[in-house]
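Trainee: Quick one: structure below, then a few questions.
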There are 2 protein chains.
Amino acid sequence: MYSLDLTKPDGRALTLYARHPLDPKIVAPSPFPEPLNASPHLRWHPLRGEWVTYAAYRQGRTFLPPPEYNPLGVTTDPAHPTEVPAGGWDVAVFDNRFPSLGGPDAEEPPELIVPSARAAGHCEVVVFTQDARGSLGGLTLAHIELLLQVWGDRTLRMVQRGDIAYVLPFENRGAEVGVTLHHPHGQIYAYPVVPPVPARMQQEAQRYYRGKGCGVLQDFIAGERHAGLRMLYEGAHAVAFVPVCARYPYEVWVATIEPVESFIQLTPDQRADLARALKTVLLKYDGLWQRPFPYLMAWYQAPTDGEPHPESHLHAQFYPPYRTRDRLKYLAGTEIAAGFFAMDALPEEKAGELQRVEIALE
Amino acid sequence: MYSLDLTKPDGRALTLYARHPLDPKIVAPSPFPEPLNASPHLRWHPLRGEWVTYAAYRQGRTFLPPPEYNPLGVTTDPAHPTEVPAGGWDVAVFDNRFPSLGGPDAEEPPELIVPSARAAGHCEVVVFTQDARGSLGGLTLAHIELLLQVWGDRTLRMVQRGDIAYVLPFENRGAEVGVTLHHPHGQIYAYPVVPPVPARMQQEAQRYYRGKGCGVLQDFIAGERHAGLRMLYEGAHAVAFVPVCARYPYEVWVATIEPVESFIQLTPDQRADLARALKTVLLKYDGLWQRPFPYLMAWYQAPTDGEPHPESHLHAQFYPPYRTRDRLKYLAGTEIAAGFFAMDALPEEKAGELQRVEIALE
């Protein structure tokens with residue numbers, strides 16, 4: 001993997017990644033001439049015991065621009081710079097212009113009736129490809145492998161900063177989940193604390209590991225493979241399946257078979273098979289109704305606190321918003337207010353639908 | 001408060017509530033001739049440490065029926081029975097025909113690779129008024145007070161069953177949050193376990209109570225009243241405000257000033273003032289953009305485990321889906337995957353918008 005670190009005119013960082021050497025003379029563009037003026041802050045929510053971040057300037061962020069301007073497409077007209085330059089790169093990562101966390105000159109937090117803090121952390125945008133009309137699932141296996149490597153490099157950089165507790169790469173795909181830019185891209189949130197959902201999962205995984213001496217997801221995967229009912233992909237090193245306890249009708253998990261703490265520790269063989277598992281899911285999703293399938297894809301890794309985490313197990317969880325071809329699953333009373341999910345479809349049925357979608361992986 | 005307990009032809013319970021005596025000859029209708037055949041089951045989610053409920057028959061549930069048929073309107077044509085009869089009732093409560101929890105003949109749960117269980121519990125529909133075109137905020141204060149009493153009566157009935165750990169009354173309002181029937185109504189979920197969100201809040205409240213000897217929400221309300229900035233209603237016994245740590249742009253909490261464990265313990269004075277606080281919020285919401293304002297309203301109470309809960313404090317949290325007049329707040333990557341909320345508006349600004357909406361309470 002080749003990479004080139006650049007700085008945008010407004011001070012933000014841009015890294016280009018490629019499978020071939022990159023021209024060192026590439027210059028980083030920015031649609032924004034003025035320096036980033038970010039000052040998000042955290043407020044403590046004492047009833048839920050969690051932090052909430054406030055970044056009031058985010059309301060001005062780019063929203064469904066006219067088709068002739070794509071801020072994630074390569075700059076072709078210097079008079080209208082985008083976020084990424086032309087050149088032979090495959091994946092680009094740059095600092096979010098509207099970060100919910102971090103930013104160069106975060107102000108002191110306001111004095112409030114609850115504890116407040118600077119919103120330390122970091123928010124990045126990951127452009128998956130130069131092809132504005134492409135999709136993650138449409139990329140070659142080699143390109144997806146590169147992306148897995150990029151996620152590892154970004155995670156490593158966050159570990160090395162020393163002030164990041166958790167790194168979450170994710171993709172929101174589709175207008176149904178609020179996506180405003182349709183160029184294939186994801187985001188990375190690097191949090192100053194372990195956020196509530198990974199914290200809860202970590203707690204459960206640690207309890208399981210102490211009791212059984214092995215990982216909860218490792219055992220879960222062994223169970224899914226043995227049951228066989230809900231599998232979508234089973235390779236030498238990676239699997240994809242609809243979990244028996246799915247909370248969303250088309251929920252899918254993608255994981256290595258053996259526990260791996262984070263993208264950093266993936267072996268080349270694991271990475272190659274994980275790319276095959278991931279691409280299988282994405283092609284099945286798009287094949288299901290012969291249209292782009294919206295989802296939230298989140299990759300869970302070990303906390304980046306420098307401690308060993310044998311209980312952690314790198315994996316993706318996909319949360320798609322549809323429950324049938326033309327009905328959305330709304331998160332409402334019981335899900336949002338109680339955190340108690342109610343499913344009107346059995347995971348076995350939904351797995352069957354996805355199993356029957358034929359795909360060509362290569 | 002007067003009430004009349006009835007049984008529908010399909011075996012489901014219906015209770016009518018009124019401020020005046022009810023005709024005991026009223027007969028309960030049902031749109032469904034055949035008995036309820038519910039068999040939801042729970043599956044354990046070992047990564048999150050929580051139960052998920054599966055009720056596969058729910059896909060057939062009523063979905064935006066044609067305007068001439070309203071299953072929550074009173075039955076006028078015996079050939080097309082609805083869920084509620086004609087008569088002098090103000091509020092009606094009946095067993096959900098498509099329950100996510102409970103049901104009369106719940107089957108044994110399937111054997112799975114994770115623990116499973118019968119989905120014990122109970123799901124009810126609460127019809128707020130006979131007026132299909134009305135709204136909760138449009139009801140008289142006396143009618144809203146009656147509803148608060150009804151929620152208390154339903155909670156008490158669940159306590160008395162002995163197998164319910166938590167009772168959550170809520171209202172999903174508006175197509176934006178997935179509502180399929182627009183007749184003013186809410187739901188009550190009675191859970192066999194304390195669900196994840198109330199469990200977390202309970203844990204935090206207990207920790208606070210042990211440390212400080214008073215309630216976390218009690219102190220929070222004192223702080224909000226002292227700050228004054230975000231208040232929407234301040235009466236002798238109840239308040240409404242945008243919390244300093246709001247996770248949704250127009251989030252509002254409504255609470256008694258003194259801690260009360262549940263609807264059961266409300267004094268008449270508290271109930272009257274809570275009705276005023278609630279109606280204030282609802283009128284301000286609908287007044288803000290001069291159109292019905294969608295929201296999820298959830299009422300948190302103490303667990304119904306028979307233990308004293310001095311740390312609990314009855315209150316409502318409103319989660320509206322809009323962040324501005326024409327932009328929805330989508331819950332995506334950081335909120336759904338990490339549970340870490342990012343706000344692009346300050347609670348103080350949103351409180352100001354709602355404070356400026358003039359209303360007539362009586």
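Trainee: Round to a whole angstrom and tell me the spacing of the C-alpha centers of the range A:159-201 and the range A:225-278.
Mentor: Cα centres, the range A:159-201 to the range A:225-278: 20 Å.
Trainee: To the nearest 0.05, what FRET efficiency results for B:GLU108 and A:ASP219 with a Förster distance of 25 Å applied to their C-beta separation?
Mentor: On the way: r = 24 Å, r/R0 = 0.98.
Rounded to the nearest 0.05, the efficiency is 0.55.
Trainee: In terms of the ratio Rg/(2.2 N^0.38 Å) built on C-alpha atoms, what value belongs to chain B? Display every interim value, and only then the final one.
Mentor: Values: Rg = 20.4 Å, N = 362, 2.2 N^0.38 = 20.6 Å.
Against the empirical 2.2 N^0.38 Å value, I get 0.99 for chain B.
Trainee: Taking R0 as 22 Å, what FRET efficiency do you get between A:GLU34 and B:GLU349 from their Cβ-Cβ distance, rounded to the nearest 0.05?
Mentor: Numbers: r = 23 Å, r/R0 = 1.05.
That gives a FRET efficiency of 0.45.
Trainee: Past 26 Å, Cα to Cα: identify those pairs from A:LYS350/B:LYS329; A:LYS329/B:LYS329; B:LYS212/B:LYS350; A:LYS329/B:LYS350; A:LYS329/B:LYS284, in the order given.
Mentor: Details: A:LYS350/B:LYS329 28 Å; A:LYS329/B:LYS329 16 Å; B:LYS212/B:LYS350 31 Å; A:LYS329/B:LYS350 28 Å; A:LYS329/B:LYS284 29 Å.
Checking Cα-Cα distances, A:LYS350/B:LYS329; B:LYS212/B:LYS350; A:LYS329/B:LYS350; A:LYS329/B:LYS284 exceed 26 Å.
Trainee: List, shortest first and in nm to one decimal, how far the label point of A:ASN37 (7 Å from Cα along Cα→Cβ) is from its counterparts in the other copies.
Mentor: Listed shortest first, these distances are 6.6 nm.
Trainee: Distance in nm between label sites at A:GLU358 and A:ALA227, each 7 Å beyond Cα in the beta-carbon direction?
Mentor: Rounded to a tenth, the inter-label distance reads 2.8 nm.
Trainee: Using only alpha carbon pairs under 8 Å that are at least six residues apart, calculate the relative contact order of the range B:204-355 and give it in whole percent. Let's see the in-between values first.
Mentor: Working: 250 pairs, mean separation 44.5, N = 152.
Averaging sequence separation for qualifying contacts and normalising by length gives 29 percent for the range B:204-355.
Trainee: Nearest-to-axis residue of chain A, judged by Cβ, for the A-to-B rotation, with distance in whole Å?
Mentor: Nearest residue, distance rounded to whole Å: A:LEU331, 3.
Trainee: If you put a point 7 Å past Cα along the Cβ direction, how far is that point for A:ALA13 from the same point in each other copy, in nm, smallest first?
Mentor: Going from nearest to farthest copy, the values are 6.0 nm.
Trainee: Whole-Hz ³J(HN,Hα) for each residue in the range A:253-260, computed from phi via Karplus 6.51 cos²θ - 1.76 cosθ + 1.60 with θ = phi - 60°, x for glycine and proline: what do you get?
Mentor: Karplus values, whole Hz, x for Gly and Pro: 10, 10, 8, 6, 6, 7, x, 10.
Trainee: Place a point 7 Å from the Cα of A:ALA132 along the Cα-to-Cβ direction; which residues of the range A:32-50 have their backbone N under 19 Å from it?
Mentor: A:32
Trainee: With chain B treated as a Gaussian network of Cα nodes joined by springs under 10 Å, which of B:ARG325, B:ARG276, B:ARG247 yields the largest mean-square fluctuation?
Mentor: B:ARG325
Trainee: Output the relative contact order of chain A, whole-number percent, from Cα pairs under 8 angstrom with separation of 6+ residues.
Mentor: 15 percent
Trainee: While we're on this one: Report the rotationally averaged projected area of the range A:2-195 based on its alpha-carbon convex hull, in square nanometres. Display every interim value, and only then the final one.
Mentor: Values: hull surface 47.5 nm².
For the Cα atoms of the range A:2-195, the hull's average projected area reads 11.9 nm².
Trainee: What residues qualify as long-range amide H neighbours of B:HIS315, i.e. H under 5 Å apart, gap of 5 or more or another chain, H built at 1.01 Å from N?
Mentor: Answer set, sorted by chain and number: B:TYR300.
Trainee: Can you tell me the equivalent ellipsoid semi-axes for the range B:163-315? Use √(5λ) from the Cα gyration tensor, largest first, whole Å.
Mentor: 25, 21, 14
Trainee: While we're here: GNM on chain B, C-alpha springs below 10 Å: top fluctuator among B:ALA351, B:ALA338, B:ALA132?
Mentor: B:ALA338
Trainee: Out of all Cα-Cα pairs in the protein assembly as shown, roughly what percent, to the nearest whole number, are more than 47 Å apart? Don't skip to the answer; put the middle values down first.
Mentor: Values: 51239 of 261726 pairs.
Tail of the P(r) past 47 Å holds 20 percent of the pairs.
Trainee: Here's a follow-up. For A:ARG291 and A:VAL27 in the same chain, what is the full-extension length gain: residue separation times 0.36 nm, less their Cα-Cα distance, in nm?
Mentor: On the way: separation 264, 0.36 × 264 = 95.04 nm, distance 3.64 nm.
Value of the extension gain: 91.4 nm.
Trainee: Another question about this same structure. Using a Gaussian network for chain A with springs between C-alpha atoms less than 10 Å apart, which of these wobbles most: A:LEU156, A:LEU112, A:LEU141?
Mentor: A:LEU112
Trainee: Pop out the ³J(HN,Hα) list for the range A:123-128 in order, Karplus 6.51 cos²θ - 1.76 cosθ + 1.60 with θ = phi - 60°, rounded to Hz; leave Gly and Pro as x.
Mentor: 10, 10, 9, 10, 8, 6
Trainee: To continue, here is another question. For the charge dipole of the protein assembly as shown, defined by +1 on Lys and Arg C-beta atoms and -1 on Asp and Glu C-beta atoms about the Cα centroid, which residue among A:VAL242, B:THR280, B:GLY213 has the Cα displaced farthest towards the positive pole?
Mentor: B:THR280
Trainee: Here's something else I'd like to know. So who's got an amide H within less than 5 Å of the one on A:VAL252, skipping anything under 5 residues away but keeping other chains? H placed 1.01 Å off N, in plane.
Mentor: A:PHE318
Trainee: Follow-up question, since we're still on this one. Dipole of the protein assembly as shown (Lys/Arg Cβ +1, Asp/Glu Cβ -1, origin at the Cα centre): which of B:ASN37, B:PRO259, A:ILE257 lies farthest to the positive side?
Mentor: B:ASN37
Trainee: For A:HIS80, go 7 angstrom from Cα along the Cα-to-Cβ vector, then report the distances to that same point in the other copies in nm, smallest first.
Mentor: Label-point separations across copies, in nm and ascending: 5.3.
Trainee: Follow-up. Using a cut-off of 17 Å between alpha-carbon atoms, which aspartates and glutamates can reach A:LYS8, once sequence neighbours fewer than 8 places away in the same chain are excluded?
Mentor: In chain and number order, the partners are A:ASP23, A:GLU34, A:ASP77, A:GLU83, A:ASP95, A:ASP105, A:GLU124.
Trainee: Further question: Please turn the phi angles of the range B:198-211 into ³J(HN,Hα) values with the Karplus equation 6.51 cos²θ - 1.76 cosθ + 1.60 (θ = phi - 60°), one per residue in order, whole Hz, x for glycine and proline.
Mentor: Coupling constants for the range B:198-211: x, 5, 5, 5, 5, 4, 5, 5, 5, 4, 5, 5, 4, x Hz.
Trainee: So between A:GLN265 and A:TYR69, what do we pick up on full extension, going 0.36 nm a residue minus the alpha carbon distance? Provide the component values of the computation, followed by the final result.
Mentor: Working: separation 196, 0.36 × 196 = 70.56 nm, distance 3.84 nm.
Using 0.36 nm per residue and subtracting the Cα-Cα distance, I get 66.7 nm.
Readers should treat all values here as calculations from the given coordinates under stated rules, not as data from a laboratory. Everything numeric in this text was worked out from a predicted model, so none of it was measured. Reconstructed Cβ throughout: ideal geometry from the backbone, glycine too, with neighbour counts over all protein chains shown.
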